[in-house]
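Visitor: This is the structure, below, for whatever I ask next.
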Amino acid sequence: MKLFGNDSTRPRVSRDTADFAPVSAEKADEAREQARKKADKARDRAYKEYGKAEAAPSYEEAKAAARSRRASAKSPSPAAKSATASAPEAKPARGRRKLKIALISCACALAALLLGVTGFAAYVAGTDSIYPNVTLAGVDLGGMTLAEAAYELESSGWSEGEEAVTVELPMEHTLTVEAAAAGASVTPQQAAQTAFDYCHEGNLFTCLWRYLGCLISGGSAEVEIDVDEDAVLRLVEDAAADVLNDLETSGVEVDLDEAVIRVVKGATSVGIDARELSALICSALAERRYGRLDYSAGEAESEPLDVEGLHESVCREAVSAAYDPEAGEVTESVTGVDFDTAEAERLWEAADVGETVEIPAEITEPEYSTEEYEELLFSVNFGDPVVTTLRGSSANRINNVQLACKAIDGLVLMPGEQFDYNKALGERTTERGYKAAGAYSDGQVVQEVGGGICQVSSSLYYAALLANLQIDTRSCHYFPVGYLPAGLDATVSWGGPEFRFTNNRDWPIRIQASVDTSANTATVTICGTNLDGSYVVMEHAVTGYIYTNEEYPETATGYKALTHRCVYDAEGGLLSRTTEASSTYHYHEEDIVYPTPSPSPTPEPSEEPAVTEPPTATEPPVPESVPPLAPVGEAVQ
């Protein structure tokens with residue numbers, strides 16, 4: 001777009017101004033004073049040349065004088081006629097010579113005048129400064145060089161502020177078009193070049209005429225700015241599309257704190273005439289009218305409220321946070337939202353286009369938010385960790401215990417999920433790293449691949465009791481174990497016996513198991529969530545003995561143990577006491593104390609046999625309150 005003012009022959013902006021260097025204000029003032037002096041001298045010379053031209057006769061005057069002389073020659077007076085009759089024939093030739101001299105003098109005067117004017121025009125056209133009394137955008141640039149004019153323009157605020165046009169649009173949108181983006185940015189150097197070209201464009205006489213005009217009445221140079229109309233139109237169309245998009249899609253907000261649903265009343269059009277607005281912006285850029293542009297969009301056509309769609313997209317049931325075992329993280333909680341559709345339609349009809357409609361909402365909070373659930377999940381250990389000693393264990397047995405702990409460490413059981421020890425460990429084979437160590441098998445102590453894993457299963461059984469979990473399957477060892485009290489062990493073998501329990505709590509639980517080789521201990525614990533603060537204390541006691549040797553029926557070959565699960569509330573009050581399990585253990589053969597028979601005296605012969613007392617039965621050994629430990633050479637199962 002071109003700014004009206006200059007015709008097609010007027011100067012345009014030159015872009016080759018990179019070599020301009022700013023000058024100081026003192027130097028600029030000095031240059032202007034010198035330029036004015038030069039201009040005064042040039043004006044004086046012009047006036048002098050003009051005066052000489054007035055003194056010399058013009059061509060027409062010389063021609064009229066010549067005619068007059070010819071007429072006089074053709075009609076002589078009587079005296080002249082008498083003289084002519086008697087005069088010789090040479091007088092007519094003298095008159096012609098005078099005419100020729102006059103013509104030559106006139107031509108020389110004209111030539112001299114033309115030469116002077118041409119020389120002055122060449123001087124004016126060749127000067128390196130802007131003509132006197134020339135202004136640009138109200139700034140006097142007369143007599144200045146390009147660099148001085150550029151400095152003067154910059155000092156006068158040519159480049160101050162942002163070169164951009166700003167328009168306020170609906171939906172609180174703002175469109176800003178920068179002059180550079182529209183190809184309409186003009187630097188002080190380019191503007192100074194425009195003023196210089198205004199003075200020096202054209203031939204010598206055009207420059208002279210422009211100089212005289214500026215000298216007498218002044219001159220005004222105007223910057224002609226070409227605006228890229230297509231670029232501006234694209235910016236306007238993009239801004240209008242953004243406004244329409246906001247009206248169509250971005251107006252729904254659920255404010256849970258305020259219990260309202262905010263919906264912007266949308267429209268199918270925004271009432272923005274892109275071409276009209278683009279033309280206004282282009283005119284402002286061409287005239288360097290930067291800043292805010294007043295513009296009012298037309299009426300927008302509102303769209304109806306899709307109540308069903310809004311209800312489907314906004315309303316939802318409250319969902320509590322939960323643990324996702326596959327992802328290993330807590331899911332996001334969802335707050336329930338609902339609203340009255342009839343009330344929403346009434347509020348919508350009463351609102352204007354672009355206005356935010358606030359629909360009252362019914363908010364339902366979830367049982368647990370994500371933050372609350374994460375804080376409670378796996379937050380407590382159920383009872384003290386079960387720590388058992390590995391003292392007396394071989395390197396192979398410790399290796400097997402380590403593998404078993406590694407297999408179950410970190411396992412999470414969701415509510416209602418069953419744990420299977422054999423399934424968790426898998427078959428114990430040498431290929432899987434297990435080694436041969438002491439184990440109980442068919443009432444014998446043998447070397448078995450995986451020997452020692454029952455120490456981990458027994459510790460886990462005890463930890464499950466302390467977590468108040470449901471025990472599904474458990475068997476005690478054939479022989480007593482030395483790492484846990486009687487009744488708190490659980491034997492396992494591939495193919496059976498099995499050990500299984502179920503997480504009957506409301507929250508997930510996690511198993512933690514490890515081996516401390518420096519302390520020579522194995523530790524198992526179960527952590528989870530304990531909202532009511534209840535806890536379990538296990539009671540265990542030996543309740544009697546078993547007699548399995550027919551030869552010595554009164555000699556104890558083992559004993560029985562009974563365990564009770566006692567549940568207490570947070571304040572220590574007993575909530576329940578239930579029998580957990582009855583366990584039977586056998587002594588190792590070498591630990592059984594059989595009675596030693598006393599030698600019978602040799603009877604003396606008598607006539608009548610003497611009546612003898614019946615033998616007194618040997619009392620079975622009374623076990624200590626703590627069951628006997630496993631053999632001291634090597635720990636087993």
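The values are calculated or read from the model by the stated rules, or taken from the named source; none is laboratory data. Please read these numbers as outputs of a predicted model, since none were measured by experiment. Positions of Cβ are backbone-derived with ideal geometry, glycine not excepted, and every protein chain shown enters the neighbour counts. Side chains are part of the model used for accessible areas, which takes the heavy atoms of the whole protein and leaves out ligands, DNA and RNA. Shrake-Rupley method; radii C 1.70, N 1.55, O 1.52, S 1.80 Å.
Visitor: Quick one: in the range 249-288, of everything that is among the small types (Gly, Ala, Ser), assigned to a helix (DSSP H, G or I) and at pLDDT below 85, which residue is least open to solvent (accessible area, probe 1.4 Å)?
Guide: Out of the qualifying residues, it is Ala286.
Visitor: Ok, one more. Looking for whichever is touching a His at 6+ places or on another chain (Cβ under 8 Å) and among the polar types (S, T, N, Q) here; the options are Thr521, Thr491, Thr525, Thr529. Which one fits?
Guide: Result: Thr491 is the single residue among Thr521, Thr491, Thr525, Thr529 that is touching a His at 6+ places or on another chain (Cβ under 8 Å) and among the polar types (S, T, N, Q).
Visitor: Small (Gly, Ala, Ser) and over 28 Å from Glu168 (Cβ atoms): is that true of Ala361 in this structure?
Guide: Taking the combined requirement at face value, the residue satisfies it.
Visitor: Could you tell me whether Tyr440 is surrounded by 20 or more Cβ atoms within 10 Å (Cβ to Cβ), touching a residue at least 12 places away in the same chain (Cβ under 8 Å), of a type in the set (Ser, Thr, Tyr) and within 16 Å of Val387 (Cβ to Cβ)?
Guide: No: the conditions fail for Tyr440.
A quick yes/no check of all residues on (1) at pLDDT 85 or above; (2) farther than 30 Å from Val353 by Cα:
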| residue | (1), (2) |
| --- | --- |
| Thr118 | no, yes |
| Ala125 | no, yes |
| Glu168 | yes, no |
| Thr174 | yes, no |
| Asp197 | yes, yes |
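Visitor: Let me ask another. Out of the range 79-100, which residues are hydrophobic (A, V, I, L, M, F, W, C) and either outside any helix (DSSP H, G or I) or modelled with pLDDT of 80 or more (or both)?
Guide: Selection gives Ala87, Ala90, Leu99.
Visitor: Condition first: open to solvent by less than 80 Å² (accessible area, probe 1.4 Å), in a loop (DSSP other than H, G, I, E, B) and under 19 Å from Glu253 (Cα atoms). Now tell me which residues in the range 326-354 satisfy that.
Guide: Within the range 326-354, Ser333, Thr335, Ala351, Val353, Gly354 qualify.
Visitor: If you check every pair at least six apart or on different chains, which have Cβ atoms under 9 Å apart with a residue in the range 318-334 that is in contact (Cβ under 8 Å) with a residue 40 or more places away in the chain and closer than 13 Å to Glu367 by Cβ first and a residue that is in a strand (DSSP E or B) and among the aromatic types (Phe, Trp, Tyr) second?
Guide: none
Visitor: Looking at the range 358-369, I want the residues that are within 8 Å of Ala259 (Cβ to Cβ) and have a partner that is open to solvent by 40 Å² or more (accessible area, probe 1.4 Å) with Cβ atoms under 8 Å, at least 6 apart or on another chain. Which pairs are those?
Guide: The qualifying pairs are Pro360/Asp340; Pro360/Glu343; Ala361/Val254; Ala361/Asp338; Glu362/Asp338; Ile363/Leu256.
Visitor: Still on this structure, please answer the following. Filter the range 355-365 down to residues that are of a type in the set (Val, Ile, Thr) and surrounded by fewer than 15 Cβ atoms within 10 Å (Cβ to Cβ) and give me whichever is modelled with the lowest pLDDT.
Guide: The residue in question is Thr356.
Visitor: Residues to consider are Thr517, Thr429; find the one that is surrounded by fewer than 23 Cβ atoms within 10 Å (Cβ to Cβ) and closer than 24 Å to Pro385 by Cβ.
Guide: Just a single option satisfies the conditions, and that option is Thr517.
Visitor: Considering the range 355-376 alone, what residues qualify as being acidic (Asp, Glu) and part of a loop (DSSP other than H, G, I, E, B)?
Guide: Glu355, Glu365, Glu367
Visitor: While we're looking at this one, here's another question. Determine which single condition Leu390 fails, assuming it passes every other condition in (1) surrounded by fewer than 21 Cβ atoms within 10 Å (Cβ to Cβ); (2) over 20 Å from Pro497 (Cβ atoms).
Guide: Single failed check for Leu390: (1).
Visitor: Sort out for me the strands (runs of 3 or more DSSP E) sitting completely within the range 379-493 that have 2 or more residues that are more than 18 Å from Leu562 (Cα to Cα).
Guide: 386-389, 418-420, 436-441, 444-449
Visitor: A further question follows. Which residue, of Tyr323, Tyr373, is open to solvent by 30 Å² or more (accessible area, probe 1.4 Å) and at pLDDT 95 or above?
Guide: The unique qualifying residue is Tyr323.
Visitor: Given the condition in contact with a Gly (Cβ under 7 Å, 6 or more places away or on another chain), at pLDDT 80 or above and open to solvent by less than 80 Å² (accessible area, probe 1.4 Å), answer yes or no: does some residue in the range 101-110 qualify?
Guide: No, the conditions are met nowhere in the range 101-110.
Visitor: Among the residues of the range 289-320, write down those that are within 30 Å of Phe378 (Cβ to Cβ), open to solvent by 80 Å² or more (accessible area, probe 1.4 Å) and not acidic (Asp, Glu).
Guide: The answer is Arg316, and nothing else.
Visitor: Let me ask you something else. Within the range 289-307, how many residues are within 12 Å of Glu163 (Cβ to Cβ) and modelled with pLDDT under 80?
Guide: Qualifying residue count for the region: 0.
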